[in-house]
Amino acid sequence: MRSGTDLTIAQLAHASGVKRETVRFYEQRGLLPAPPRSASGYRLYPPDAKKRVQFIKSAQALGFTLDEIADLLTLRATPKSTCSVVKSRAKK
């Protein structure tokens, strides 16, 4: 069931300034975790998905490839990653 804070794909795309196809593409590439679906089949993204999509777009604008962005996102999710590790990867 949808909570008041979950976003549909259309809402997430609009809030992030991208198209729905972009959100689907990021999901297919593994940059955005697949969200749960409602009983009627709608994707229901958590509120933090907006920040993640915006991060991906910002990183692309800075010249990072999607593979490099995936690597940075993995480091972000790894508790043992320090700022210096992330910084050194970003400089490569």
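The numbers here are math on the coordinates, done by the rules we state, and not lab data. Predicted, not measured: the structure shown is a model, and the values here were computed from it. No Cβ is skipped: glycine too gets one built from the backbone with ideal geometry, and neighbour counts run over all protein chains shown.
Tabulated data for the structure shown
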| item | result |
| --- | --- |
| Inter-label distance, nm, simple model (7 Å from Cα along the C-beta direction), residue 54/residue 29 | 1.9 |
| Cβ-based net charge around residue 25, under 13 Å, with every Lys or Arg adding one and every Asp or Glu removing one | +3 |
| Under Karplus coefficients 6.51, -1.76 and 1.60, residue-wise ³J(HN,Hα) of the range 45-59 in Hz, glycine/proline x | 7, x, x, 6, 4, 4, 5, 5, 5, 5, 4, 4, 5, 5, 5 |
| Inter-part distance where the range 1-59 and the range 60-74 are each reduced to a Cα centre, Å | 18 |
| Difference of contour (0.36 nm per residue) and Cα-Cα distance, residue 74 to residue 20 | 17.1 nm |
| Förster-model FRET efficiency, 22 Å R0, residue 62 and residue 8, C-beta, rounded to 0.05 | 0.15 |
